[in-house]
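Chemist: Starting off with a structure, shown below.
Please treat every number below as a calculation from the coordinates, not as lab data. In this text the structure is predicted, and so the values were computed from the model without any measurement. Ideal geometry is used to build each Cβ from the backbone, glycine not excepted, and the neighbour counts take in all protein chains shown.
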Amino acid sequence: MPAGSQWKPTAGETFQYQITGKTIDTSVSADIYDIDGFDQQASAVAALHKMGRHVICYIDVGTWENWRPDAKDFPKGVLGNHDGHWPGERWLDIRQLSVLEPIMTKRFEMCKQKGFDGVDPDNIDGYTNKTGFPLTAKDQLAYDQWFASEIHSLGMLVGQKNDPGQNDDLSSHFDFAVDEQCWIQHWCQKMNVYSNSNRLVVDVEYGVALQRFQTETCPEAATNHDTAILKKLNLGSWIVTCQSSH
């Protein structure tokens with residue numbers, strides 16, 4: 001675990017997830033803000049800290065994004081198939097650790113320098129996707145455990161982003177979990193390994209009707225001791241929680 005990690009995200013803490021938009025809407029009532037590590041500056045992190053919030057650094061560790069300032073640092077040999085969900089993204093060959101480790105470490109160091117409390121590493125389940133590489137669960141574990149250790153060594157916390165199939169091997173290396181659409185896909189209970197030990201689990205749902213979210217998603221989240229939020233896919237400031245909408 002990281003040195004100096006007095007704060008640990010606990011089950012039930014409130015959460016805002018905004019990774020688009022140049023300005024962070026700080027009026028959302030949330031204990032924790034998850035914001036883009038590249039797009040947001042140290043001043044935004046400091047402003048949230050001043051308001052008593054903790055701040056998580058969103059960083060993509062599993063796909064290449066052509067708009068990032070370090071995109072040129074990735075050799076073509078590690079770029080695989082396009083991620084069909086998002087233009088400009090391609091899966092990474094996470095087996096090539098000697099290539100990816102210095103690039104990712106630089107990203108994590110950026111998060112640290114900007115004052116973030118932890119990291120939200122996206123796309124950590126390439127082995128379950130059509131990446132263009134023969135990635136195995138073992139390859140994924142090696143990569144995920146490496147970056148979790150690297151982030152901890154910098155004194156920050158790290159969250160497990162999705163990938164419930166590897167919970168048994170990952171949960172001892174990660175501090176909290178952020179899941180996308182576990183309720184609509186019926187796998188939220190798989191993350192109870194976190195909530196049962198009083199660690200934060202955030203369920204981010206997209207496209208669920210408001211009434212259904214409030215009458216079905218929220219009660220299940222309460223049973224699991226999860227924090228459920230409803231977001232639009234663009235991940236702007238708009239949010240509905242089990243307490244209110246914004």
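Chemist: Condition first: in contact with a strand residue (DSSP E or B) (Cβ under 7 Å, 6 or more places away or on another chain), among the aliphatic types (A, V, I, L, M) and surrounded by fewer than 19 Cβ atoms within 10 Å (Cβ to Cβ). Can you find one or more residues in region 34-42 that meet it?
Modeler: Within region 34-42, none of the residues are in contact with a strand residue (DSSP E or B) (Cβ under 7 Å, 6 or more places away or on another chain), among the aliphatic types (A, V, I, L, M) and surrounded by fewer than 19 Cβ atoms within 10 Å (Cβ to Cβ).
Okay, residues lined up against (1) of a type in the set (D, E, K, R); (2) under 16 Å from Phe116 (Cβ atoms); (3) more than 16 Å from the chain's Cα centre (by Cα):
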{"site": "Tyr17", "(1), (2), (3)": "no, yes, no"}
{"site": "Gly37", "(1), (2), (3)": "no, yes, no"}
{"site": "Val55", "(1), (2), (3)": "no, yes, no"}
{"site": "Tyr58", "(1), (2), (3)": "no, yes, no"}
{"site": "Val61", "(1), (2), (3)": "no, yes, no"}
{"site": "Ala71", "(1), (2), (3)": "no, no, yes"}
{"site": "Asp83", "(1), (2), (3)": "yes, no, yes"}
{"site": "Ile94", "(1), (2), (3)": "no, no, yes"}
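Chemist: May I pose another question? I want to confirm something. Restricting to region 121-169 and keeping residues that are surrounded by fewer than 21 Cβ atoms within 10 Å (Cβ to Cβ) and among the hydrophobic types (A, V, I, L, M, F, W, C), which single residue is nearest to Trp86 (Cα to Cα)?
Modeler: Taking the candidates together, the pick is Phe133.
Chemist: Additional query: What is the residue count in region 84-114 for residues that are closer than 15 Å to Val45 by Cβ and not charged (D, E, K, R)?
Modeler: Residues in region 84-114 being closer than 15 Å to Val45 by Cβ and not charged (D, E, K, R): 4 in total.
Chemist: Of the conditions (1) assigned to a loop (DSSP other than H, G, I, E, B); (2) on the phi < 0 side of the Ramachandran plot; (3) touching a residue at least 12 places away in the same chain (Cβ under 8 Å); (4) not polar (S, T, N, Q), Pro87 clears all except one; give me its number.
Modeler: In the conditions (1) assigned to a loop (DSSP other than H, G, I, E, B); (2) on the phi < 0 side of the Ramachandran plot; (3) touching a residue at least 12 places away in the same chain (Cβ under 8 Å); (4) not polar (S, T, N, Q), Pro87 misses (3) alone.
Chemist: Has region 101-113 got any residue that is farther than 19 Å from Leu48 by Cβ, under 18 Å from the mean Cα position of the chain (by Cα), basic (Lys, Arg) and assigned to a helix (DSSP H, G or I)?
Modeler: There is at least one residue in region 101-113 that is farther than 19 Å from Leu48 by Cβ, under 18 Å from the mean Cα position of the chain (by Cα), basic (Lys, Arg) and assigned to a helix (DSSP H, G or I).
Chemist: I've got another one for you. When both residues are 6+ apart or on different chains and their Cβ atoms are under 6 Å apart, which pairs have a first residue that lies in region 40-69 and is closer than 27 Å to Arg90 by Cβ, and a second that is among the β-branched types (Val, Ile, Thr) and not in a strand (DSSP E or B)?
Modeler: Listed pairs, sorted by first residue: Tyr58/Ile19; Gly62/Ile124.
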